[in-house]
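These notes are about the structure you will find just below.
The values are calculated or read from the model by the stated rules, or taken from the named source; none is laboratory data. Everything quoted here is computed from the prediction, not taken from an experiment. When we count neighbours, we look across all protein chains shown, and the Cβ atoms used for this are built from the backbone with ideal geometry, even at glycine.
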Amino acid sequence: MPKRSLSRAYAVAGVGTTRYGKLPEYDAYDLGVWALQDALDDAGLTLSDIDGLIVNRIADYQRFGEIVGLDPRYVTITPGQGRFSGHCIETAVAVLEAGLAEVVALVYGNDGRTAGDRYGGASDLYGSGGAGLWFPYGMTSPGAFHALMAQRHMSLYGTTSDQMGLVAKTFRDHAALNPAAVMRERYTLADYHRSRWIVEPLHLFDYCLINDGGVAMIVTSTERARDMKAKPVAIAGFGMASELAGSTFPPDDFWHGAGSAVARDAYEMAGIGPPEMDGLMIYDNFTPTVLFCLEAFGYAPVGESGPWVEDGNLTLDGGPYPANTSGGHLSESYMQGWALNVEAVRQLRGDCDERQIEGAEHIQYMTLAPMVTSIVYGVDAP
Amino acid sequence: MSGYAKPLPRLDDANAPFWASAKAHALNLQQCDDCGTLRFPATRHCAACGSAKSGWAAVSGRGTVESWCRFHQVYFEGFGEDVPYTVVVVRLEEGPRLFSNLIGAPADGIDIGLAVEAYYDDVTPEVTLVKFKPAGRAGGALGGDGG
């Protein structure tokens, strides 16, 4: 497991976000630069303070460095998959601890909406066994992969469409309080059921958005961060695990094995667990992933995440674990985990206005996929 | 069968023996020569023991449905007239899994764990797809769900 001594040793010193939506005048590099400038401004830094660079989804780190005029000591790039946002943040801590850099900028840019990104079909190899092996059967898309998982969960445990719809509706209710969210119009469960099937049992409203935008974060030692402009948010705990073997097919255990291992490590490192969390940021590519996450990370008993959500646990309106207070991927912006991490930071700084979780001290980010990560953030208490 | 508009498998890659067996209405999967583990899709190395030595072995074609979903969105032109169509994950008795279609799927849903057996669908003169049908049913008069 990660060393306990690293708990709270490193912090988020700045966060930056672009507008979200359709931004045809910007490509992914431009969006990354925009977000990075916003994050530097937030931290009260300039580009010359940055000596580590981690780029995600933007196609080429070299081109990005050329565009912004940066020669970092440490630089790396990761695949444009949402599971890598948490991975990059954890990597930043490892890089800092190793002395490879002192101040790391993490930069993400996504012009998927303008570029016409489509999921499913001949260009999408997700779950296809490579080279479209399963296309002759009409099998394609991450959505179908998660629909298969959702159907199995429904059959094994009695999880219902209403419960998945409630996840979507809850996050939309939160987005209604977030001026930056792309989709802010509230809807009812009846509206959810009227939204068209994409791959049954998933409706359109079970799917995340596709939109343009960029996000950046500045991570450094907590001690350094205390001298910067913004209030630091400490990285209290994290973990990482994977289920890559056999991952062409949906996992029998809804990724509970890797998820619960990450939970154990992150809680042990942070010295706190679910009872101490004041809010959750859950990677909501599809609504069932939220349910599987709640089970893997110990919030709901296995098989009981649906009723647990129905109990109102995730709502800002009195729930003990307000989740995806920004609206998440389903309603705020599809920033592949990055904007959820930023939302955690903003909540712990008390910057969230109408959607603020009062007195929030700890927030957990989690993502469940063939690679699982989670980060526990805490208010810095020098 | 001219005019078949759905995607077809490549017949010249590492999975070729699978498709050749399907054409003969049998089901062969790759098997490690050293540890005997069955695998599919084809890979050079065995994920169980790392061996690069392998052959192809006949399996029963019997299995159970692990899950299913129903496509309403048209992702491939050739499926436009078939939506909604059903995709299943079948776990074979011998262990490996396949994505496929279930012929004769009940309209009101499929039970997880449903026993199924291979159904060979000759979709073109060159290509036979390995689909599944509920175990113990005759093959001739099944209503397809377009899968």
Inset, instruction - Select from segment B:16-33 the residues that are surrounded by 14 or more Cβ atoms within 10 Å (Cβ to Cβ) and over 26 Å from B:Ala135 (Cα atoms) and write down the one among them that is farthest from the other protein chains (Cβ to nearest Cβ). - result: B:Cys32
Inset, instruction - Could you please find all residues in segment B:97-126 being at the interface with chain A (Cβ under 9 Å from one of its Cβ atoms) and buried (at least 19 other Cβ atoms within 10 Å of the Cβ)? - result: B:Leu98, B:Phe99, B:Ser100, B:Asn101, B:Ile110
Legend entry - Residue count for segment A:55-74, restricted to those that are in a strand (DSSP E or B) and under 22 Å from the mean Cα position of the chain (by Cα): 2
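Residue-by-condition table, conditions (1) buried (at least 20 other Cβ atoms within 10 Å of the Cβ); (2) closer than 12 Å to A:Phe249 by Cα; (3) in contact with a helix residue (DSSP H, G or I) (Cβ under 8 Å, 6 or more places away or on another chain); (4) among the β-branched types (Val, Ile, Thr):
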{"residue": "A:Leu125", "(1), (2), (3), (4)": "no, no, no, no"}
{"residue": "A:Trp134", "(1), (2), (3), (4)": "yes, yes, no, no"}
{"residue": "A:Tyr137", "(1), (2), (3), (4)": "yes, no, no, no"}
{"residue": "A:Phe145", "(1), (2), (3), (4)": "yes, yes, no, no"}
{"residue": "A:Met149", "(1), (2), (3), (4)": "yes, yes, yes, no"}
{"residue": "A:Leu156", "(1), (2), (3), (4)": "no, no, no, no"}
{"residue": "A:Thr159", "(1), (2), (3), (4)": "yes, no, yes, yes"}
{"residue": "A:Met164", "(1), (2), (3), (4)": "yes, no, yes, no"}
{"residue": "A:Val167", "(1), (2), (3), (4)": "yes, no, yes, yes"}
Legend entry - Which listed residue is within 14 Å of chain B (Cβ to nearest Cβ) and under 21 Å from A:Gly86 (Cα atoms), from A:Leu204, A:Leu244, A:Leu209: A:Leu244
Legend entry - helices (runs of 4 or more DSSP H) contained entirely in segment A:256-344, each with at least 1 residues that are farther than 24 Å from A:Phe205 by Cβ and without any contact (Cβ under 8 Å) to a residue 60 or more places away in the chain: A:256-270
Inset, instruction - Check whether at least one residue in segment B:41-58 is in contact with a strand residue (DSSP E or B) (Cβ under 9 Å, 6 or more places away or on another chain), in contact (Cβ under 8 Å) with a residue 40 or more places away in the chain and either surrounded by 15 or more Cβ atoms within 10 Å (Cβ to Cβ) or among the polar types (S, T, N, Q) (or both), and report yes or no. - result: no
Inset, instruction - Among the candidates A:Ala94, A:Ala28, single out the residue that is in contact with an Asp or Glu (Cβ under 7 Å, 6 or more places away or on another chain) and either surrounded by fewer than 23 Cβ atoms within 10 Å (Cβ to Cβ) or at pLDDT 95 or above (or both). - result: A:Ala28
Inset, instruction - Pairs only if they're at least six apart or on different chains, beta carbon under 8 angstrom, first in segment A:146-160 and more than 9 Å from chain B (Cβ to nearest Cβ), second of a type in the set (Asp, Glu); list them, first residue then second. - result: A:Tyr157/A:Glu304
Inset, instruction - Would you mind finding the one in A:Tyr187, A:Tyr192 that is more than 14 Å from chain B (Cβ to nearest Cβ), farther than 20 Å from A:Arg113 by Cβ and either modelled with pLDDT under 95 or touching a strand residue (DSSP E or B) at 6+ places or on another chain (Cβ under 8 Å) (or both)? - result: A:Tyr192
Inset, instruction - Using the structure shown, decide if A:Asp51 is touching a Pro at 6+ places or on another chain (Cβ under 8 Å) and either buried (at least 18 other Cβ atoms within 10 Å of the Cβ) or at pLDDT 95 or above (or both). - result: yes
